[in-house]
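The values are calculated or read from the model by the stated rules, or taken from the named source; none is laboratory data. Computed from a predicted structure; not experimentally measured. Ideal geometry is used to build each Cβ from the backbone, glycine not excepted, and the neighbour counts take in all protein chains shown. Keep in mind that these areas ignore ligands, DNA and RNA; they rest on the heavy atoms of the full protein, side chains included. Shrake-Rupley method; radii C 1.70, N 1.55, O 1.52, S 1.80 Å.
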Amino acid sequence: EPEVTQTPSHQVTQMGQEVILRCVPISNHLYFYWYRQILGQKVEFLVSFYNNEISEKSEIFDDQFSVERPDGSNFTLKIRSTKLEDSAMYFCASSGGVWWTQYFGPGTRLLVL
Amino acid sequence: AQSVTQLDSQVPVFEEAPVELRCNYSSSVSVYLFWYVQYPNQGLQLLLKYLSGSTLVESINGFEAEFNKSQTSFHLRKPSVHISDTAEYFCAVSAGSSNTGKLIFGQGTTLQVKP
């Protein structure tokens, strides 16, 4: 069964450093998402992406964040200058012809020191 | 704006007992409702969804949820749980008019099934 994959599974970085979280959505899916979950808190929506552009973003998704689908298979989330409060589990998701059936990856746990 | 509240952070239950995981939402517009399950070290998996039509929806592994508009609830039930049902369960809502797929999640409920 096709699945969404994410790399790395864990990432440790220093505050102020740039990180890129990578996701490979399910082939032929059209909608792509990033969510995050700070330890002990809710899963929060960050951004949705369709037709090579952002369709919606949350207040969390400020200028420090960006997304890209560089080669038609990967979907990346970049954080330009990480802060301590960016420490969280980041989930990528994708969906096919209907947006409401979202398939989630296993997540990348980011720790900012 | 939509919001979701899961009233129980942890629900311990014995194997073969019934269980109900509670979810309430608030929204000023029509909504789509979802339950996701997360097993250890895995991503979230869609368990069941309510989009329209019958207010009782079922999953393939015996869970069911009922959309109650007057009580703004979407509680998840299973008449007899198994050890393998031990997981984190998330209720989520999306605006029915949305075409961006944004999901709003509750805090999650840990279901602990004991032998």
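Between a first residue in the range A:76-88 that is in contact (Cβ under 8 Å) with a residue 24 or more places away in the chain and a second residue that is of a type in the set (S, T, N, Q) and in a strand (DSSP E or B), which pairs have beta carbons less than 7 Å apart while being 6 or more apart in sequence or on different chains?
Within 7 Å, the pairs are A:Lys78/A:Ser66; A:Thr82/A:Thr13; A:Ala88/A:Gln37.
Looking at B:Gly62, B:Gly53, can you tell me which residue is over 10 Å from the mean Cα position of the chain (by Cα) and either modelled with pLDDT under 90 or crowded, with 16+ Cβ neighbours inside 10 Å (or both)? Step through it out loud before you land on a result.
On the way: B:Gly62 fails: either modelled with pLDDT under 90 or crowded, with 16+ Cβ neighbours inside 10 Å (or both).
After applying the criteria, what remains is B:Gly53.
Kindly provide the set of residues from the range A:92-113 that are under 17 Å from B:Asn41 (Cβ atoms) and open to solvent by 10 Å² or more (accessible area, probe 1.4 Å), ordered by number.
Scanning the range A:92-113 gives A:Tyr103, A:Phe104, A:Pro106, A:Arg109, A:Leu111.
For the range B:4-29, which residues satisfy the criterion of being surrounded by fewer than 19 Cβ atoms within 10 Å (Cβ to Cβ), assigned to a strand (DSSP E or B) and within 11 Å of chain A (Cβ to nearest Cβ)? I'd like the intermediate steps shown before the answer.
Applying the first criterion (surrounded by fewer than 19 Cβ atoms within 10 Å (Cβ to Cβ)) to the range B:4-29 yields B:5, B:7-18, B:20, B:22, B:24, B:26-29.
Checking the rest, the ones that are also assigned to a strand (DSSP E or B) come to B:5, B:10-14, B:20, B:24, B:26.
Across the range B:4-29, the qualifying residue is only B:Thr5.
Any chance the range A:69-91 includes a residue that's within 13 Å of chain B (Cβ to nearest Cβ), small (Gly, Ala, Ser), in a loop (DSSP other than H, G, I, E, B) and over 22 Å from A:Lys42 (Cα atoms)? It would help to see each step written out before you state the result.
Keep residues of the range A:69-91 that are within 13 Å of chain B (Cβ to nearest Cβ), which gives A:89-91.
Filter once more, keeping what is small (Gly, Ala, Ser): none.
No, the range A:69-91 has no match at all.
Pairs needed: first member in the range B:53-72, β-branched (Val, Ile, Thr); second member anywhere, open to solvent by 60 Å² or more (accessible area, probe 1.4 Å); C-beta distance under 6 Å; at least 6 residues apart or different chains.
That search, which allows pairs on different chains as well, returns B:Thr55/B:Glu66.
What residue, among those in the range B:76-115 that are closer than 18 Å to A:Val47 by Cα and open to solvent by 30 Å² or more (accessible area, probe 1.4 Å), is farthest from the other protein chains (Cβ to nearest Cβ)?
Result: B:Ser97.
Is it the case that A:Gln11 is within 14 Å of the chain's Cα centre (by Cα) and modelled with pLDDT of 95 or more? Spell out the reasoning first.
On the way: within 14 Å of the chain's Cα centre (by Cα): yes; modelled with pLDDT of 95 or more: yes.
In short, yes.
Have a look at A:Ser48, A:Ser55 and point out the one that is within 9 Å of chain B (Cβ to nearest Cβ), buried (at least 17 other Cβ atoms within 10 Å of the Cβ) and touching an Asp or Glu at 6+ places or on another chain (Cβ under 8 Å).
Details: A:Ser55 fails: touching an Asp or Glu at 6+ places or on another chain (Cβ under 8 Å).
One residue alone meets the criteria, A:Ser48.
I'm trying to understand the selection: among the residues of the range A:22-68, which are in contact with a Ser or Thr (Cβ under 8 Å, 6 or more places away or on another chain) and in a loop (DSSP other than H, G, I, E, B)? Walk me through how you get there before you give the answer.
First, the residues of the range A:22-68 that are in contact with a Ser or Thr (Cβ under 8 Å, 6 or more places away or on another chain): A:22-27, A:29-33, A:38-39, A:44-50, A:54-57, A:64, A:67-68.
A:Pro25, A:Ile26, A:Ser27, A:His29, A:Leu30, A:Ile38, A:Leu39, A:Gln64, listed by residue number.
Would you say A:Val43 is free of Cβ contacts under 8 Å to residues at least 60 places away in the same chain, within 9 Å of chain B (Cβ to nearest Cβ), of a type in the set (Val, Ile, Thr) and under 18 Å from A:Arg109 (Cα atoms)? Walk me through how you get there before you give the answer.
On the way: free of Cβ contacts under 8 Å to residues at least 60 places away in the same chain: yes; within 9 Å of chain B (Cβ to nearest Cβ): yes; of a type in the set (Val, Ile, Thr): yes; under 18 Å from A:Arg109 (Cα atoms): yes.
Considered against the rule, which asks whether it is free of Cβ contacts under 8 Å to residues at least 60 places away in the same chain, within 9 Å of chain B (Cβ to nearest Cβ), of a type in the set (Val, Ile, Thr) and under 18 Å from A:Arg109 (Cα atoms), A:Val43 comes out as yes.
Among the residues of the range B:30-50, how many are open to solvent by less than 70 Å² (accessible area, probe 1.4 Å) and without any contact (Cβ under 8 Å) to a residue 40 or more places away in the chain? Lay out the reasoning, then the answer.
Of the range B:30-50, the ones open to solvent by less than 70 Å² (accessible area, probe 1.4 Å) are B:31-39, B:43-44, B:46-48, B:50.
Filter once more, so that each one left must be without any contact (Cβ under 8 Å) to a residue 40 or more places away in the chain: B:43, B:46, B:48, B:50.
Residues that pass the stated criteria total 4.
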